[in-house]
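Reviewing the structure listed below.
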Amino acid sequence: MRPLMCLVLMVGLVPPLPADPPRGDVPVFTSEVALVLLPVFVVGPGGAAARGLQAQDFELYEDGKRVEVAAFRYVDTTSPEDQEEIRQAPAARRRFLLLFDQSFTDPNGLNRAQQAAADFVRSRMAPSDLAAVATFDANRGVRLVANFTEDRALLVHAVETLGLSTMARISDPMALAQDLGALDTRTGRSGGETSGQLDIGGLQTVLINQMRAAEVSSYRQGIEAFVAQLEGLAKALRRVEGRKQVLYFSAGFDSRLLTGQTGEEQKTAAQSSVTGALWEIDGATRFGDSRVREQVMDMTKAFTNADTVIHTIDVTGFGADDSLSRMYASVELGRAIGGRESLGLLAAETGGRFFKDANDLRPLLREMLDMTSRYYVLGFQPAKTKAPGAFHKVKVKVARKGMKVSHRPGYYEREPITARAPVLQRQFEAAELILGGEGSEARNELKMSSLCLPLPAAGDKQTVALVVQIAAEKLEWAAGRPTSLEMYAYAVGDDGAVLDHMARLARIDPAKVVAGDTRGVSFYGTFQVPPGTYTLRTLVVERETGATGIQVLELKVPPFDPSAGFLLPPLVVEDAASWVSLDLARPDAGRSPFDVGGRQYVPRTSFEVKGGTAETMVLVAFAPERPGDPSDIQIRSSLTSRDGKAAPAGVLRIDKMYPDVAGRRVFVLGYTPDELAPGDYTLRVALGEGADRLESYALLRVKAGS
């Protein structure tokens, strides 16, 4: 028999510690605004990224007043040895949002964009880079298909399906996980070699052109919807750390609503005026629509305030038909307006680049990657706070000649996540918290604790049980008001891929379901993951207040070995009536991991006891199947104080044993700890059966007041 391989229980029983204070070489941005990190892009006289600058070369101003540079770092995303350090500083990571325009783009151009974006995700991004995928169409607005993640398989799946309901397998509300079995992400194909894109041509194209030419008003409404949706996207990105690079794949919209009609069209309008055919004159496009221009300027300003640049990629290529993006069938010879002017405007006003004149978009994306790969991150202590959501202006100067500086114009003070915030904003904020870098796991505004246990089973995937408990005293129901809890849990592999996830929305009315002595809510469920090392990340949000709790547990899942035994750490059983217990299991999950003799029990997430107080414990052992009933079973315990000294272990007895399938045995134990000084102890439990012996360990915390 071999000892327990999973050490996660010892980790799970210890409350998360606050993040270390910021260091000068590795900036840290915590959930509270203690240090603001500012990515700064500096270009030298030759147009290349400036290297070799030091902290003293920068002057930093907040709201017009000089502030000290408290943290400084040069970031080179092309350096393989720096990837892990970049991961630990959220503001230092590059974030790309791949935005596909489905309203102003023909299917061939969209397909070309998908191919280039899939190559970009698979083989061009740096390991520390994060990316997200979204789409826009005039009817449904901006839809987030995949949230910011390192999971390349998820991103490729999102790019190749664009959220199409018949193809996409991304059902997680936070858009961070998918059913990988639904698509071969290595080839991007499901079944045969079909692209999933349809080529529209001939009569259908003519009909679409005629429809668009006949509905100028509808087209204008589509542009206004686009501008409004992008402004909402910009506001949602404000709370995402670091500089965001939006890669907008589109043919662009007809810019005549911004710039006015061409010379040829103005001549035609003049002739119509002379002949009295006033109905042929479109006043909105003759000189441009000032209202639309103002909306576009407000939208681009919102992106700038969110430290987001838009790189526009013209997907039409050489000699492509741009008639689908025009309002009229006639154009002025020698001037193909199409959507290029609008694409150029979006890029110029946000500090991005406009890429055009290429049938193969992959070299353009490589060029964009190169130009964003080197930059500086400056950290400073905010001089003062105003109010949640308040904006602070920031200005950076470089004390060297010929240098051009690009950075966000300021930052917003953090606001709580609430149900009143737009859905897209809440998705970004929640993902930023749960998958953020160093410091994010220290946020626990809710009194929340977690416990996870590996449950060996035959097969390629192993089961991991998770329990998350939220104390009632921090919830709205403590004041007798209903509460709504959003709970998300993810099993994240070493490569950033989400291997499994759980999500649940629970609405609780204390007047109906909560007794006076109810301690809180207990969520439980299971992950199915292959053997390996994982980070279990859990986020709980109370909608009414925006209060959040985050737990991060490190987990090693051993492979199943039918010849070896496995003893889980002992669990303390709670009074089932003292918790509102909610199952996170899927319909096909099968039997609950916390079932003893056909009855569900609630495990305590911490082994916290009082001296002299009797407790009920559950001990689960996995052993090779053996014929007949077990005999000669012994369970012994020992206790060691924090300084390594032996302590009285208390009284332990076996109340009942339940044989189970696949060598699983569940022991219900009575345990009464001795009168001990408050503090932490290590409890060792040994199970002996014949010549076999299994051991496990748990952190036992003795409370005061015994």
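The values are calculated or read from the model by the stated rules, or taken from the named source; none is laboratory data. Quick caveat, the model's predicted, so the values are computed rather than measured. Using ideal geometry, Cβ is built from the backbone for each residue, glycine included, and neighbour counts are taken over all protein chains shown.
Under the condition of being aliphatic (A, V, I, L, M) and within 23 Å of R143 (Cβ to Cβ), the residues counted in segment 76-101 number 3. Residues that are of a type in the set (A, V, I, L, M, F, W, C) and at pLDDT 80 or above within segment 577-617 comprise A577, W579, V580, L582, F594, V596, V602, F607, V609, A614, M617, listed in sequence order.
Identify all residues within segment 458-479 that are of a type in the set (A, V, I, L, M) and either in a strand (DSSP E or B) or under 24 Å from V529 (Cβ atoms) (or both); write none if there are none.
Residues satisfying the conditions are A458, V464, A465, L466, V467, V468, I470, A471.
Looking at A472, A511, A503, A489, which is the one that is of a type in the set (A, V, I, L, M) and free of Cβ contacts under 8 Å to residues at least 40 places away in the same chain? It is A511.
A quick yes/no check of all residues on (1) among the aliphatic types (A, V, I, L, M); (2) in the same structural domain as K235 (by TED's automatic domain parsing):
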site: R73; (1), (2): no, no
site: E84; (1), (2): no, no
site: R87; (1), (2): no, no
site: R112; (1), (2): no, yes
site: R140; (1), (2): no, yes
site: A146; (1), (2): yes, yes
site: V159; (1), (2): yes, yes
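When you go through T300, T312, T304 one by one, which is the residue that is at pLDDT below 85, of a type in the set (S, T, Y) and either in contact with a Lys or Arg (Cβ under 6 Å, 6 or more places away or on another chain) or outside any loop (DSSP other than H, G, I, E, B) (or both)?
On the way: T300 fails: at pLDDT below 85; T312 fails: at pLDDT below 85.
Just one listed residue meets the conditions, T304.
Answer yes if at least one residue in segment 526-545 is in a loop (DSSP other than H, G, I, E, B), aliphatic (A, V, I, L, M) and surrounded by 17 or more Cβ atoms within 10 Å (Cβ to Cβ), and no otherwise. Spell out how you get there, then give the answer.
Pass one, segment 526-545, residues in a loop (DSSP other than H, G, I, E, B): 530-531, 543-545.
Within this subset, residues satisfying the condition of being aliphatic (A, V, I, L, M) are none.
No, there is no match, as no residue in segment 526-545 is in a loop (DSSP other than H, G, I, E, B), aliphatic (A, V, I, L, M) and surrounded by 17 or more Cβ atoms within 10 Å (Cβ to Cβ).
Here are R66, R2, R51: which of them is part of a loop (DSSP other than H, G, I, E, B), at pLDDT 85 or above, outside the structural domain of L237 (by TED's automatic domain parsing) and surrounded by fewer than 19 Cβ atoms within 10 Å (Cβ to Cβ)?
Working: R66 fails: part of a loop (DSSP other than H, G, I, E, B); R2 fails: at pLDDT 85 or above.
That would be R51, the only listed residue that is part of a loop (DSSP other than H, G, I, E, B), at pLDDT 85 or above, outside the structural domain of L237 (by TED's automatic domain parsing) and surrounded by fewer than 19 Cβ atoms within 10 Å (Cβ to Cβ).
Which residue, of S123, S128, S79, is surrounded by fewer than 20 Cβ atoms within 10 Å (Cβ to Cβ), over 21 Å from L164 (Cα atoms), outside the structural domain of K397 (by TED's automatic domain parsing) and of a type in the set (S, T, N, Q)?
Numbers: S128 fails: surrounded by fewer than 20 Cβ atoms within 10 Å (Cβ to Cβ); S79 fails: outside the structural domain of K397 (by TED's automatic domain parsing).
After applying the criteria, what remains is S123.
Of the residues that sit in segment 131-152 and are assigned to a strand (DSSP E or B) and polar (S, T, N, Q), which one is surrounded by the most Cβ atoms within 10 Å (Cβ to Cβ)? Among them, the one singled out is N147. Does any residue in segment 385-399 that is assigned to a strand (DSSP E or B) come within less than 9 Å, Cβ to Cβ, of a residue that is among the basic types (K, R) and surrounded by 15 or more Cβ atoms within 10 Å (Cβ to Cβ) six or more places away or on a different chain, and which pairs are these? Final answer for the pair search is V394/R408.
Among R414, R408, which is at pLDDT below 85 and in contact with an Asp or Glu (Cβ under 6 Å, 6 or more places away or on another chain)?
Details: R414 fails: in contact with an Asp or Glu (Cβ under 6 Å, 6 or more places away or on another chain).
Answer to the check: R408.
With respect to T105, is the statement that it is assigned to a loop (DSSP other than H, G, I, E, B) and out of contact with any helix residue (DSSP H, G or I) (no Cβ under 8 Å at 6 or more places or on another chain) true? I'd like the intermediate steps shown before the answer.
Details: assigned to a loop (DSSP other than H, G, I, E, B): yes; out of contact with any helix residue (DSSP H, G or I) (no Cβ under 8 Å at 6 or more places or on another chain): no.
No, not satisfied.
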